[in-house]
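Q: Attaching a single structure in structure tokens format; questions to follow.
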Amino acid sequence: MPTNHHSDSTGSAAFLRETLEARRKAGLARRLRDLKGAPGPRVTLDGLEVLLLCSNNYLGIAGDEAVKQAARRALETFGCGATGSRLISGNLEPYEQLERELAEFKGTEAALVFTSGYQTNVGTVSALVGKADAIFSDALNHASLIDGARLSGAEINIYSHCDAADLERLLASRVTARRKLILTESVFSMDGDLAPLQDVAFLARKYGAILMVDEAHATGIFGPTGAGLIEALGLREQVDVQMGTFSKALGSLGGYVAGSRDLIDYLMQHARSFIFTTGLPPAVVAASTAALRIVRQEPERRQALWRNLRQLRSGLEKLGFEMAPERSQILPLRLGESRITMAACRLLLKNGVFAQGIRPPTVPPGTARLRLAPMATHTAADIEQALAAFEKLGAALLSRRLKSARPRHAAAESGAAAELLGIRGGWESRRDG
Ligand code: PMP
């Protein structure tokens, strides 16, 4: 019988529109912003020249001349695309070079490069465990780790964020699982806090679990050579699977796993997101290799980043914003409710600063925030400019008296804040569900 595949107002089109409308009403709709210019500390966003304060290009490497030069050379030599899966027709020399240097950097026998960090986590987790196994995952892990866990079919046990005691409780209750896999980020992407890696590593050994650590936001930032928090804490021997990306401090694209030769050989055979996808363009791979050398050879970039972070943090504290203790390069400024957060983002934009608002489902309901991340390439004057914009935000949030940016306090004490930010009505009633 013929069927009508075209949607009409009662079919899928209505479902799409209704869902989008509900998102918009909840203040959760996302949109793409028009970005122009090189990836530097200043960019043009929706036609405005703004200071970029929310980039993962922490060290300013994405626009670096040496990196661009390396990419250009590879482009001339190898062309645009890898033209196939690395296992079939695409394993070019730049991959081998990058994997050699990466393994040396991470202090492991071998490394394997994937096409993105997302694919690395999805493919690695689902290759390492299956139905008879148990995963132990931090409550705030990145979506790519969660998706890999779901795809694996293993039983998923979620422990409270950064809570080693809760992890142990769960490990002790699942001793009969065939294989156990612990998943955690080292620097959490939206909170900037650090996993208790020593305790987690101890528990992994005690309960015979495989330990996989996502160093997406730690690579290039932590450790004497910038290899990550695992290096900084001297835990290389205890972490079985060191995962990371080239897409943050290294300013490029791609993900990787570093570990034993057996682990890498196993993933090459079993990680479907490695096998069934085209390899990265060689120019991107060459850019990552050049970026890796910069991280190793220019520790002054890390020093500049920490300098800028301290200036920004102490300036925000002086303005009355309540900040979490110094932990990493990511400074979350929690505003709680999505509409307030997006209004704050707009106010900052009007004052020349781009600090993206982060809302559910990226972060838990009620914890929307501005995720601030200065760069090594900002100047002291740039940070001062940013602080002048935050002073205006502080005044708008709390018209009478500067104080915490935390939502409950602000909501209780400043009805005027919502109006100043251009929002009508109270904000408690609009809290994220
Ligand atoms: N892990 C973490 C912790 C991340 O923050 C991200 C990116 N947001 C990824 C993995 C995925 O990396 P990519 O962007 O390279 O796919």
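The values are calculated or read from the model by the stated rules, or taken from the named source; none is laboratory data. Keep in mind that this is a model prediction, so the values were computed, not measured. Here the Cβ is made from the backbone with ideal geometry for all residues, glycine too, and neighbour counts use every protein chain on show.
Q: If we keep just the residues of the range 308-349 that are free of Cβ contacts under 8 Å to residues at least 12 places away in the same chain and in contact with a helix residue (DSSP H, G or I) (Cβ under 9 Å, 6 or more places away or on another chain), which is farthest from residue 22 (Cα to Cα)?
A: Across the range 308-349, the extreme among qualifying residues is 318.
Q: Only residues that are within 15 Å of the ligand (Cβ to nearest atom) and out of contact with any Phe, Trp or Tyr (no Cβ under 7 Å at 6 or more places or on another chain): list them for the range 244-275, please.
A: 245, 246, 247, 250, 251, 257, 258, 271
Q: Of a type in the set (Ser, Thr, Tyr) and either in contact with an Asp or Glu (Cβ under 9 Å, 6 or more places away or on another chain) or without any contact (Cβ under 8 Å) to a residue 24 or more places away in the chain (or both), is that true of residue 247?
A: no
Q: So which of 312, 316, 333, 347 ends up being surrounded by fewer than 24 Cβ atoms within 10 Å (Cβ to Cβ), part of a strand (DSSP E or B) and not basic (Lys, Arg)?
A: Details: 312 fails: part of a strand (DSSP E or B); 316 fails: part of a strand (DSSP E or B); 347 fails: part of a strand (DSSP E or B).
Among 312, 316, 333, 347, only 333 is surrounded by fewer than 24 Cβ atoms within 10 Å (Cβ to Cβ), part of a strand (DSSP E or B) and not basic (Lys, Arg).
Q: If residue 155 satisfies all but one of (1) crowded, with 18+ Cβ neighbours inside 10 Å; (2) over 30 Å from residue 334 (Cβ atoms); (3) free of Cβ contacts under 8 Å to residues at least 60 places away in the same chain, what's the number of the condition it fails?
A: (1)
Q: Out of (1) assigned to a loop (DSSP other than H, G, I, E, B); (2) within 16 Å of the ligand (Cβ to nearest atom), the odd one out for residue 176 is which?
A: The single condition residue 176 does not satisfy is (2).
Q: Also: Please go through (1) touching a Ser or Thr at 6+ places or on another chain (Cβ under 9 Å); (2) over 17 Å from residue 259 (Cα atoms) for residue 172 and return the number of the only condition it doesn't satisfy.
A: So the condition that residue 172 fails would be (1).
Q: While we're here: Could you list, in sequence order, the residues of the range 344-360 that are modelled with pLDDT under 95 and β-branched (Val, Ile, Thr)?
A: Within the range 344-360, 358 is the sole residue that qualifies.
Q: If a residue must be within 15 Å of the ligand (Cβ to nearest atom) and out of contact with any Gly (no Cβ under 6 Å at 6 or more places or on another chain), how many such residues does the range 216-238 contain?
A: Final tally of qualifying residues: 5.
Q: Among the numbered criteria (1) in contact with a helix residue (DSSP H, G or I) (Cβ under 6 Å, 6 or more places away or on another chain); (2) away from the ligand (no atom under 16 Å from the Cβ); (3) within 24 Å of residue 216 (Cβ to Cβ), which one does residue 112 miss?
A: Among (1) in contact with a helix residue (DSSP H, G or I) (Cβ under 6 Å, 6 or more places away or on another chain); (2) away from the ligand (no atom under 16 Å from the Cβ); (3) within 24 Å of residue 216 (Cβ to Cβ), the lone unmet condition for residue 112 is (2).
Q: So, one more: Considering only the range 188-197, state which residues are more than 12 Å from the ligand (Cβ to nearest atom) and without any contact (Cβ under 8 Å) to a residue 60 or more places away in the chain.
A: Answer for the range 188-197, where residues must be more than 12 Å from the ligand (Cβ to nearest atom) and without any contact (Cβ under 8 Å) to a residue 60 or more places away in the chain: 196, 197.
Q: Filter the range 1-59 down to the residues that are exposed (fewer than 11 other Cβ atoms within 10 Å of the Cβ) and hydrophobic (A, V, I, L, M, F, W, C), then identify the one that is modelled with the highest pLDDT.
A: Filtering first and then ranking leaves 32.
Q: Looking at the range 361-413, which of its residues are closer than 17 Å to residue 323 by Cβ, of a type in the set (S, T, N, Q) and at pLDDT 90 or above?
A: Answer for the range 361-413, where residues must be closer than 17 Å to residue 323 by Cβ, of a type in the set (S, T, N, Q) and at pLDDT 90 or above: just 367.
Q: Can you tell me which of 200, 213 is within 14 Å of the ligand (Cβ to nearest atom) and hydrophobic (A, V, I, L, M, F, W, C)?
A: Answer to the selection: 213.
Q: Among the listed residues 221, 230, 264, 275, identify the single one that is within 22 Å of residue 67 (Cα to Cα) and aliphatic (A, V, I, L, M).
A: 221
Q: Let me ask something additional. Does residue 144 qualify as being modelled with pLDDT of 95 or more, in contact with a helix residue (DSSP H, G or I) (Cβ under 7 Å, 6 or more places away or on another chain) and either within 16 Å of the ligand (Cβ to nearest atom) or at positive phi (or both)?
A: Yes; evaluated as a whole, the condition is true for this residue.
Q: Still on this structure, I have one more. Conditions: (1) in a helix (DSSP H, G or I); (2) more than 21 Å from the chain's Cα centre (by Cα). Residue 148 meets all but one. Number of the miss?
A: The one condition residue 148 does not meet is (2).
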